[in-house]
Amino acid sequence: MIKLIIDGVEVEVPPEYTLLQACEQAGAEIPRFCFHERLSIAGNCRMCLVELKGSPKPVASCAWGVRDCRPGPNGEAPVVNTKTPMVRKAREGVMEFLLINHPLDCPICDQGGECDLQDQAMAYGVDSTRFQENKRAVEDKYLGALVKTSMNRCIQCTRCVRFATEVAGVAELGATGRGEDMEITSYLEQALSSELQGNVVDLCPVGALTSKPYAFAARPWELNKTESIDVMDAVGSAIRVDTRGREVMRILPRINEAVNEEWISDKTRHVVDGLRTQRLDEPYVRENGRLRPASWSEAFAAIAAKVKGTSPGRIGAIAGDLAAVEEMFALKELLARLGSKNIDARQDGAMLDPANGRASYIFNPTIAGIEEADGLMIIGANPRKEAPVLNARIRKRWRTGNLKIGLIGEKADLTYDYAYLGAGPETLATFADHAPAKLERQIWLIGQGMLARPDGAALLALAAKAAFSVGAIQDGWNGFGVLHTAASRVGALDIGFVPGAGGLTAAEMASAGKLDVVFLLGADEIDIAPGAFSVYIGTHGDRGAHRADVILPGAAYPEKSGIYVNTEGRVQMAARAAFPPGDAREDWAILRALSDVLGHKLPYDSLGMLRQVLFQAYPHLMRVDQIEAGNPADIERLAGRAGSSGAPTKAPFLSPVEDFYLTNPIARASAVMAECSALAERAAASATAAE
């Protein structure tokens, strides 16, 4: 530790700290534009100047290490001042230079009210300028469908360039020219291709980069802000939902060091317009082959008439990828009261079973644990498409030089280097009796591309055996991790939303002649064969609604309070930020009302009562933001079954996510996501042509 005296306060800080970090630890507020805690140091805005005793001029505190501070003549601790007239004059000078070319755009700038330059100008700006020359004009650049540019406002802090290169791993932004002619642009002014590009809008300290879909939509002080959880993938990123009236206006990230740090994917951020379009806002009943609007009582009566004459074994339920735990629990209870064991939440057919223990289906090393790993084996997954924020965490660890990565499956640009080992099960089998690797903390990342196949159970056991053989599971470290793609999946497995003894799986329920009545709880990623009477409870006019005989309009994730469990087994709670449109209701309330009509009334009249019953049955779900750790013995038992589950086929592993932007009904209803998908398709086609 190194001692410093900052504004008369003595502090001790680690030697790797910068002077800026030391000052903030001492309680001093240091203005900055280019410095960001998660990016490399640029030191080019000079706003963070401080006075270091013994230095002939102010120093940039973001780029000055505390180990470089010289002690006094008698060995006294270095003295730093942040509030002297010299410091204030230096910062005012920097601000004056920054404002020479900055346009007076505040009334029409989307950054207004959230602008770092506005805030610092209030503290260090003056009311007039000494410069009479014309302001510099810079042509706006095209960066794609998500990021709007107004490059006259750019102060060349290079945060966006450093983010794209270091965090996103797609070096498409850079600077051309020097001095007054310096401009930030993309390579050949093409659209950005990163799934994390929207984060540059949050990073930009001025209004040079703003959100194109959100342009001129609202001012920040007009919005109500609700902290919630993202469900576009299984990572469970912390988000803030901003609403005006009943309408969701935008979604921004919140800091959660254990999950998403402060990044979110572009799908999470820009799926907002999908919440407004193609919405189901009233019940529908199919008559003479056509759906017609109906009342709730008519819809319930149609369902009751069909269920009444159907045997329990011919009734089933499938839960979708965006369902919260409460509504799945209510649906499970309703099916149990009807006498049916045909329930499943694994639309893709993933061979995961809660009977194998919780450790067999969660990401045991945890997302934050990636930063402790020294080895990573990716099997049947493309983390960049399936979980971009988790992929950024992998890249962060890889950049330290302490992570060796191997891949078994489909080749892809993952934004980091890896050793390509093979395409499928034959390569995985070579590790089943492998000697322990010379690595301390390995992660075996198991993707749904390996599990969502008929031989998925055999492959899961084989992967468990391989993880044990190479030493990925040791005392104090469980490196066996399943990467999910559906936000609802871990919660569904936790509450046992899988077929009971003799029950049908989702694939079997979807096939012809198996069921007479099927309940679809937002299940849109599966095709139900003709014949079965389909009841769809959901939010959008997607595949499930097109097939349905009765549609019951539900609430989307920002419109209800619900529990979700992310891929690492962390219990999270989404909060209601808005209200569902029209006659739509929360899904658990629909099921409660329906149960009364069916003559099997569920024993709860409020969400609080439902959660009380849920927590009694599954106590770990009440511990929000905590992870109920899996038992490594479960993995050992699973490994012991390798070979007894049948021989896997030789088919290669393929990622289940073909189009990152169109993975669920909300995203498919979004015009912004459709445009992003088209841009990505064109970029892939041009890359293929270039090869």
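The values are calculated or read from the model by the stated rules, or taken from the named source; none is laboratory data. Only a predicted model underlies this, so the values are computations on that prediction, with no experimental measurement involved. Here the Cβ is made from the backbone with ideal geometry for all residues, glycine too, and neighbour counts use every protein chain on show. The protein model used for the area step is the full one, side chains on, heavy atoms only, and it has no ligands, DNA or RNA in it. Shrake-Rupley method; radii C 1.70, N 1.55, O 1.52, S 1.80 Å.
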Calculated from the structure, Rg and Dmax of the Cα atoms in Å equals which of (1) 41.8, 139; (2) 29.4, 89; (3) 27.9, 96? (3)
How far is helix 587-597 tilted, in degrees, relative to the longest principal axis of the Cα atoms in the chain, given as a value from 0 to 90 rounded to the nearest 10? 20
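For the range 179-258, what is the charge dipole size about the Cα centre, in debye to the nearest 20, if Lys and Arg each add +1 at the Cβ and Asp and Glu each add -1 at the Cβ? Before the final figure, lay out the partial values.
On the way: 8 positive and 13 negative charges, 112 e Å.
That gives the range 179-258 a dipole magnitude of about 540 debye.
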Could you list which residues have their amide H under 5 Å from that of residue 250, counting only those 5 or more apart in sequence or on another chain, with H placed in the peptide plane? 242
If you roll a 1.4 Å probe over the range 231-337 with all protein chains in place, what percent of the accessible area is carbon or sulfur? 48
Once the Cβ-Cβ distance between residue 402 and residue 685 is put in as r, and R0 is 41 Å, what FRET efficiency do you end up with, to the nearest 0.05? 0.65
In whole percent, how big is the carbon plus sulfur part of the accessible area of the range 412-502, probe 1.4 Å, protein atoms only? 53
Proximal aspartates and glutamates relative to residue 650, as straight alpha-carbon distance under 13 Å, when same-chain residues fewer than 8 apart are discounted: 426, 455
Amide H neighbours of residue 655 under 5 Å, at least 5 residues apart or on other chains, H built in the peptide plane: list them. 410
Hey, what did the chain get for relative contact order, percent, Cα under 8 Å, at least 6 apart? 14
With point charges of +1 on the Cβ of Lys and Arg and -1 on the Cβ of Asp and Glu, referenced to the Cα centre of the chain, which listed residue (655, 220, 147) lies farthest in the positive direction of the dipole? 655
Show me, for the range 63-74, the HN-Hα J-couplings you get by feeding each phi into the Karplus relation (A = 6.51, B = -1.76, C = 1.60, θ = phi - 60°), rounded to Hz, glycine and proline as x. 10, 10, x, 5, 5, 8, 6, 7, x, x, x, 10
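How would you rank 669-678, 361-370, highest first, on the average number of other Cβ atoms within 10 Å across their residues?
Ranked by mean Cβ neighbours within 10 Å, highest first: 361-370, 669-678.
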DSSP beta bridges in the chain, what fraction antiparallel, as a percent rounded to 5? 55
Around residue 609 (Cβ within 15 Å, Cβ-to-Cβ, excluding residue 609; K/R +1, D/E -1) the net charge comes to -3
Once amide H atoms are placed 1.01 Å from N in the peptide plane, what residues at a sequence separation of 5 or more from residue 473, or on another chain, have their amide H within under 5 Å of its amide H? 479
Among 273-281, 121-129, 4-12, the order from most to least packed when residues are scored by Cβ within 10 Å on average: 273-281, 4-12, 121-129
Residue-level accessible surface for residue 150, protein heavy atoms, 1.4 Å, Å²: 20
What is the distance in Å between the Cα centroid of the range 178-246 and that of the range 365-396? 24
Average accessible surface area per residue within the range 557-655, 1.4 Å rolling probe, Å²: 45
Sorted on mean Cβ neighbours within 10 Å (highest first), peptides 512-520, 80-88 come out as 512-520, 80-88
Under the rule of -39500 (n - 2.57) per DSSP H run of 4 or more residues, summed and divided by the residues of the chain, what mean residue ellipticity at 222 nm is obtained, to the nearest 500 deg cm²/dmol? -7500 deg cm²/dmol
Could you report the range 278-399's accessible area per residue, 1.4 Å probe, as an integer in Å²? 34
By how many degrees, between 0 and 90 and to the nearest 10, does the Cα long axis of helix 388-398 differ from the longest principal axis of the chain? 50
Phi-derived 3J(HN,Hα) across the range 26-41 with the Karplus relation (6.51, -1.76, 1.60, θ = phi - 60°), rounded Hz, x for Gly and Pro, is 7, x, 7, 9, 10, x, 7, 10, 8, 6, 9, 4, 9, 10, 5, 7
Of 332/560; 212/385; 3/396; 341/560, which pairs sit farther than 25 Å apart, going by alpha carbon to alpha carbon? 3/396; 341/560
Is the range 27-133 rounded, prolate or oblate when judged by the Cα gyration tensor, a ≥ b ≥ c being the square roots of its eigenvalues, rounded requiring a/c under 1.5 and prolate requiring a/b larger than b/c? prolate
Accessible surface of residue 411 in the full protein assembly, 1.4 angstrom probe, to the nearest 10 Å²? 140
Per residue, how many Å² of accessible area does the range 410-454 show with a 1.4 Å probe? 50
To the nearest 10 degrees, the tilt of helix 607-617 (Cα long axis) against the first principal axis of the alpha carbons of the chain is 80
Which shape class applies to the range 268-398: rounded if a/c is under 1.5, otherwise prolate when a/b exceeds b/c and oblate if not, where a ≥ b ≥ c are the square roots of the Cα gyration tensor eigenvalues? oblate
Averaging 1/r across every pair of distinct alpha carbons in the range 387-478 and inverting yields a Kirkwood hydrodynamic radius, in angstrom, of 14.2
Positive-end residue, the chain charge dipole about Cα centroid, Cβ charges, pick of 209, 18, 499: 499
What's the magnitude of the charge dipole for the chain around its Cα centre, counting Lys and Arg as +1 and Asp and Glu as -1 at the beta-carbon? Answer in Debye, nearest 20. 380
